[in-house]
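The values are calculated or read from the model by the stated rules, or taken from the named source; none is laboratory data. No experiment lies behind these values; they were computed from the predicted model shown. Cβ atoms come from the backbone with ideal geometry, glycine included; neighbour counts cover every protein chain shown. Surface areas here come from the heavy atoms of the whole protein model, side chains and all, with no ligands, DNA or RNA. Shrake-Rupley method; radii C 1.70, N 1.55, O 1.52, S 1.80 Å.
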Amino acid sequence: MSGAPTGERWPELSFEDLIATTRFDIHERAHITVDDAICADCSTRECVVACPANLFVPTSDGGILFNYEQCFECGTCYLLCNKEGAITWTYPEGGHGVVFKRT
Amino acid sequence: MPEQTTVDAIVVGAGPAGSAAATVLARHGYSVILLERGSFPGSKNMYGGVVYPRILDQLHPEWWLEAPIQRWVTRRSTMVLTDTQAVTVDFRSTDWGAPPYNGATAYRPDWDHWLAGKAEADGALLVCSTTATGLLRDGSGRVVGVTTDRPDGDLHARVVIACDGVNSFLAKEAGLYGEVDAANYTLGVKETIALPKDVIDERFAVRGRDGVDIEILGGTSGVNGGGFIYTNLDTLSVGVVLKLPKLGAQKLRPEQIIANLKAHPAIAPLVEGGEIKEYSAHVIPEAGLSMMPTMTADGMLVAGDAAAMCLAAGIWLEGVNFAMASGMYAGEAAAEALEAGDTSAGGLAGYERRLNDTFVLRDHRKLHRAPALVLSDRVQHRYPAMIANTVERMFRVDNPSPKPGLRRILNEERKRAGVRIRDLAKDTLDGLRTFG
Ligand SMILES: Cc1cc2nc3c(=O)[nH]c(=O)nc-3n(C[C@H](O)[C@H](O)[C@H](O)COP(=O)(O)OP(=O)(O)OC[C@H]3O[C@@H](n4cnc5c(N)ncnc54)[C@H](O)[C@@H]3O)c2cc1C
Ligand code: SF4
Ligand code: SF4
């Protein structure tokens, strides 16, 4: 672990490689949708730092790009978001979404 | 899937709470459907890593002969970290490595799958890959079943037990929760890291099926929360639990906070060199008693994390046992109500009575100050340095300077950490009241 600025260390895996260790059986319906127009007015952006799957990506025009596929269905985003209507949150279709592994 | 038939009970969620509830009802001879949205029970469920299964003595005597455990926890350490220091309190007991045991590391997909299989063996009908999407109610508002995401998927029942976990949309839909406040929740993230068994045995100084549970205070990069390391047979579970509003209000992402923990000089030698097998995340209801919903509605009960039954305080996590127990009591109360032909909230009142009379709510009442205390800014940001610096100076040999007295060191380090005597006294008293 090298090249760490100001004493912070960073993952030895890229985030893409890290989340590639998790299995997702993706359904074609997006179980979570984000209203980009509402996000444009949001200055706090808790979702961007807190989503453990890193699914909220700020865009250059001040919006949010959201991908539902590699989602843990944890609830962090809707719990933290203070803007009514920004996030529409449901579980994926039964049998789809994240699958934690059995031995 | 049965159509328009009414079963005695629907249990939503085949986690530890749901499987325990379904087992009890099936054993009483009632028809019970155990609904699970995952493709198998446990597929959606993650936790840190230790189950305390003694409550199963009642449901599945000698559970240890068949439960899918990884290691028996015979060594429990609590670590306090600063950037460069670590103070560890380490406890070992050989008794914990023999029946009836204390805690065991286990993977949730294994554990939950096993427990749901027991409910099935007792006669519950397990239906996987099916999400309950809402409640069915009659004209008076009484819960009479659930809607699901299957075609023609409405299911009718005399009683519904919501064991649908921390986000419980069913309990919320039933109006059992007040306002939902992010401050009552923490996010847990974890890496499962593969290492050869003999390497784990050596690094953690254990043998055979003996295992280690390490809880860590001060290793969360300044975000209020806690860290953990658990030994499985040939993997480690390494993760952090982070208070949601604090996490949202700073710059480090969850995986970076784990990476920082893994890079700590006291932690790196334990975890380095392994291969990450899985990255996982889940939310925890952290605030205990103060966030619990109403437990009973007409035709419905709520158990486990759905009712915020998890006993959690940053470095302290017992949820599976509380889920299994509350599920079991919900099952007993539902059976009693079915027997009496009254599944109104009044008829189901035996549930809360059982919760009140047993460790479930007694422990929560006893420890009701713990979550706020352990996650408080002083405990999180000031005490680790105060403790570690005090210990460092006690053990430092500073010749030719003579050794200072402990009282002087403590007083100086308390000041240096910016802790007022009054606050230290208050927290000490709170701690004694809580844990004493
Ligand atoms: C990071 C972390 C570490 C933890 N560490 C520990 C620990 O070391 N020891 C411990 O004892 N506890 C620990 N816990 C707490 C423990 O995981 C929970 O308290 C426990 O899982 C609660 O069990 P449950 O059955 O109530 O809910 P869950 O285990 O969440 O089960 C709920 C079930 O319901 C299903 N479900 C949800 N909604 C629906 C729906 N609408 N339709 C159909 N099915 C649905 C889910 O798929 C799931 O299977 C930890 C938790 C976390 C997040
Ligand atoms: S989802 Fe919520 S928190 Fe995130 S940017 Fe949009 S409004 Fe802000
Ligand atoms: S549910 Fe969790 S993983 Fe999914 S988008 Fe929200 S915060 Fe991210």
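With protein chains left intact and a 1.4 Å probe, residues in the stretch A:29-99 average 43 Å² of accessible area per residue.
If the viscosity is 0.890 mPa s and the temperature 25 °C, what translational diffusion coefficient in µm²/s does Stokes-Einstein give for the stretch B:376-435 when Rh comes from Kirkwood over Cα pairs? Result for D is 198 µm²/s.
Treating r as the C-beta distance of B:Thr88 and B:Arg209 and R0 as 22 Å, the FRET efficiency rounds to 0.45. When +1 charges are put on Lys and Arg Cβ atoms and -1 charges on Asp and Glu Cβ atoms, the dipole computed for chain B relative to its Cα centre reaches about 2200 debye.
Beta bridges assigned by DSSP with both partners in chain B are antiparallel in approximately 70 percent of cases.
Between rounded, prolate and oblate, where does the stretch B:1-73 land on the alpha carbon gyration tensor, with a ≥ b ≥ c its root eigenvalues, rounded for a/c under 1.5, else prolate if a/b exceeds b/c? Judged from the Cα gyration tensor, the stretch B:1-73 comes out oblate (a/c at least 1.5, b/c at or above a/b). Basic side chains Lys and Arg get +1 at the Cβ, acidic Asp and Glu get -1 at the Cβ, and with that the dipole of chain A about its Cα centre reaches some 360 debye.
Distance from the Cα centroid of the stretch B:14-39 to that of the stretch B:392-436 is 51 Å (rounded to whole angstrom).
Return the carbon/sulfur percentage of the accessible area of chain A, one whole number, probe 1.4 Å, all protein chains in place.
49
Interface residues of the stretch A:86-103, defined as those with an accessible-area decrease of at least 30 Å² between the chain by itself and the complete set of protein chains (probe 1.4 Å), are A:Tyr91, A:Gly94, A:Gly95, A:Val99, A:Phe100, A:Lys101, A:Arg102, A:Thr103. Out of B:Met292, B:Gly347, B:Asn45, whose Cα points farthest toward the positive end of the dipole of the protein assembly as shown (charges: +1 Lys, Arg; -1 Asp, Glu; placed on Cβ)? In the protein assembly as shown, that residue is B:Met292. Residues B:Leu125, B:Leu136, B:Leu261, B:Leu65, sorted by accessible area with the largest first, give B:Leu65, B:Leu125, B:Leu136, B:Leu261 [1.4 Å probe; ligands and nucleic acids excluded]. In sequence order, the stretch A:88-103 has phi-based couplings of 10, 10, 9, 7, x, 3, x, x, 10, x, 5, 10, 6, 7, 8, 7 Hz under the Karplus curve 6.51 cos²θ - 1.76 cosθ + 1.60, θ = phi - 60°, and Gly or Pro positions carry x.
Calculated from DSSP H runs of 4 or more alone, at -39500 (n - 2.57) each and per residue, what is the 222 nm mean residue ellipticity of chain B, nearest 500? Roughly -9500 deg cm²/dmol at 222 nm, from the helical runs in chain B. Residue order by solvent-accessible surface for B:Phe40, B:Phe395, B:Phe91 is B:Phe395, B:Phe91, B:Phe40, largest first, with ligands and nucleic acids left out and a 1.4 Å probe.
Across peptide B:236-244, the average count of Cβ atoms from other chains found within 10 Å of a residue's Cβ is 1. Among B:Asp423, B:Asp149, B:Asp90, the residue with the largest mean-square fluctuation in a Gaussian network model of chain B, with springs joining Cα atoms closer than 10 Å, is B:Asp423.
When chain A is treated as a GNM with alpha-carbon contacts under 10 Å, the residue of A:Glu93, A:Glu16, A:Glu69 showing the greatest mean-square fluctuation is A:Glu16.
If you run the Gaussian network model on chain B, springs between alpha carbon atoms under 10 Å, then out of B:Asp342, B:Asp398, B:Asp201 the most flexible one is B:Asp398. With N as its number of residues, chain B has a Cα radius of gyration that, divided by 2.2 N^0.38 Å, comes to 1.04. Between the listed residues A:Val57, B:Thr94, A:Tyr78, the Cα displaced farthest toward the positive end of the dipole of the protein assembly as shown, a dipole computed from Cβ unit charges relative to the Cα centre, is found at B:Thr94.
Using a 1.4 Å probe on protein heavy atoms, which residues of the stretch B:144-163 have at least 30 Å² less accessible area in the complex than alone? Checking the loss per residue gives B:Asp149.
Of the solvent-accessible surface of the stretch B:16-114, computed with a 1.4 Å probe and all protein chains present, 51% belongs to carbon and sulfur. Summed over the residues of the stretch B:34-128 and divided among them, the accessible surface reaches 38 Å² per residue at a probe radius of 1.4 Å. Taking amide H atoms as placed 1.01 Å from N in the peptide plane, the amide H of B:Asn232 lies under 5 Å from those of B:Ser237, each 5 or more residues away in sequence or on another chain. Rounded to the nearest 5, the antiparallel percentage of DSSP beta bridges internal to the stretch B:1-132 is 65%.
For the chain pair A and B, the interface hides roughly 3800 square angstrom of accessible area in total, found with a 1.4 Å probe. D by Stokes-Einstein for the protein assembly as shown, Kirkwood Rh over Cα pairs, 20 °C, 1.002 mPa s: 89 µm²/s. Taking only the alpha carbons of the stretch A:29-99, we obtain Rg and Dmax values of 11.7, 36 Å in that order.
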